[in-house]
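The values are calculated or read from the model by the stated rules, or taken from the named source; none is laboratory data. What you see is a predicted model; the values in this text were computed from it and never measured. All Cβ positions, glycine included, derive from the backbone under ideal geometry; neighbour counts span all protein chains shown.
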Ligand code: NAD
């Protein structure tokens with residue numbers, strides 16, 4: 001383990017542009033369960049509540065489940081060491097960009113700036129009538145479904161439901177990151193969700209080195225990962241941070257992060 005962390009740190013310190021690609025696993029130590037696997041959200045709730053067409057036809061039922069999962073249940077989650085080390089890496093020009101599949105806003109709360117959300121953000125709510133945006137605390141969820149103060153339209157969390165398209169800005173930023181990066185650090189994702197799961201494969205095809213942190217092997221581990229560090233994201237990233245931040249940079253002038 002220590003040897004892998006040292007190798008990962010060496011790669012990151014030499015990299016001119018590094019991208020972090022994160023999934024639900026990075027937020028598990030913040031108390032937010034993943035969708036799949038033991039204790040996953042889909043073991044308790046039916047994924048159809050997040051299908052766009054079902055939401056439109058059943059806004060009361062769908063909003064009741066969404067409110068329980070995304071607002072009552074993980075509304076108070078705070079960033080953990082993994083989010084914080086990534087934010088510190090960005091500050092020290094060791095990380096260029098984060099592409100996240102998560103919708104929990106924890107990268108931004110940790111202080112990261114260059115965050116591209118593949119699946120939107122649960123802290124924003126959008127009116128399907130007039131497209132006005134609300135911040136989550138400004139909308140009462142006491143009675144569901146919530147409606148727009150301006151036009152009375154149905155409000156929807158601004159994350160990507162099954163059956164909806166991926167935000168164009170996230171797609172463009174991901175393609176660019178795949179071609180621009182020397183190193184991808186993949187944290188806490190199964191690599192099962194299309195089309196986000198293709199981004200690391202594109203990066204590898206473009207010549208990128210892949211570091212992966214996960215408690216379990218993923219779709220990437222046996223195929224494109226160069227350094228697999230098995231364990232909890234917060235614990236591993238804390239160790240990686242100690243290694244990275246105590247080592248002087250030797251190629252600062254080349255860095256474009
Ligand atoms: P997933 O739920 O399919 O898989 C979670 C992955 O995290 C697994 O590979 C698991 O082994 C790993 N993992 C679990 N605990 C970990 C830990 N402590 N440290 C490191 N790794 C750990 O998640 P996914 O691959 O990201 O895809 C599911 C989709 O679900 C995402 O696109 C995302 O939109 C959504 N989602 C988001 C959140 C969130 O915002 N926090 C939570 C659940 C699901």
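Restricting attention to segment 174-202, which residues are within 16 Å of the ligand (Cβ to nearest atom) and buried (at least 22 other Cβ atoms within 10 Å of the Cβ)? Show your work before the answer.
Residues of segment 174-202 that are within 16 Å of the ligand (Cβ to nearest atom), as a first pass: 174, 184-201.
Answer for segment 174-202, where residues must be within 16 Å of the ligand (Cβ to nearest atom) and buried (at least 22 other Cβ atoms within 10 Å of the Cβ): 174, 184, 185, 186, 187, 188, 189, 191, 196, 199, 200.
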The condition from (1) out of contact with any helix residue (DSSP H, G or I) (no Cβ under 9 Å at 6 or more places or on another chain); (2) at negative phi that residue 152 misses is numbered (2)
Yes or no: residue 200 in the same structural domain as residue 96 (by TED's automatic domain parsing), free of Cβ contacts under 8 Å to residues at least 60 places away in the same chain and either outside any strand (DSSP E or B) or under 14 Å from the mean Cα position of the chain (by Cα) (or both)?
no
Residue list for segment 1-48, restricted to those being part of a helix (DSSP H, G or I), surrounded by 14 or more Cβ atoms within 10 Å (Cβ to Cβ) and under 20 Å from the mean Cα position of the chain (by Cα)
12, 24, 25, 26, 27, 28, 29, 30, 41
Condition test on residue 145, is it modelled with pLDDT under 95 and either touching a strand residue (DSSP E or B) at 6+ places or on another chain (Cβ under 6 Å) or under 30 Å from residue 72 (Cβ atoms) (or both)?
no
Reported set for segment 211-234 where residues are crowded, with 23+ Cβ neighbours inside 10 Å and part of a strand (DSSP E or B) is 211, 212, 213, 214
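Counting only residues that are part of a helix (DSSP H, G or I) and in contact (Cβ under 8 Å) with a residue 12 or more places away in the chain, which one in segment 172-195 is nearest to residue 225 (Cα to Cα)?
The selected residue is 178.
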Can you tell me which residues in segment 49-58 are more than 10 Å from the ligand (Cβ to nearest atom) and assigned to a helix (DSSP H, G or I)?
49, 52, 53, 54, 55, 56, 57
Since residue 237 meets every condition but one in (1) outside any helix (DSSP H, G or I); (2) buried (at least 22 other Cβ atoms within 10 Å of the Cβ), which condition does it not meet?
(1)
Where in segment 66-160 are there strands (runs of 3 or more DSSP E), lying wholly inside it, with at least 3 residues that are away from the ligand (no atom under 16 Å from the Cβ)?
133-135
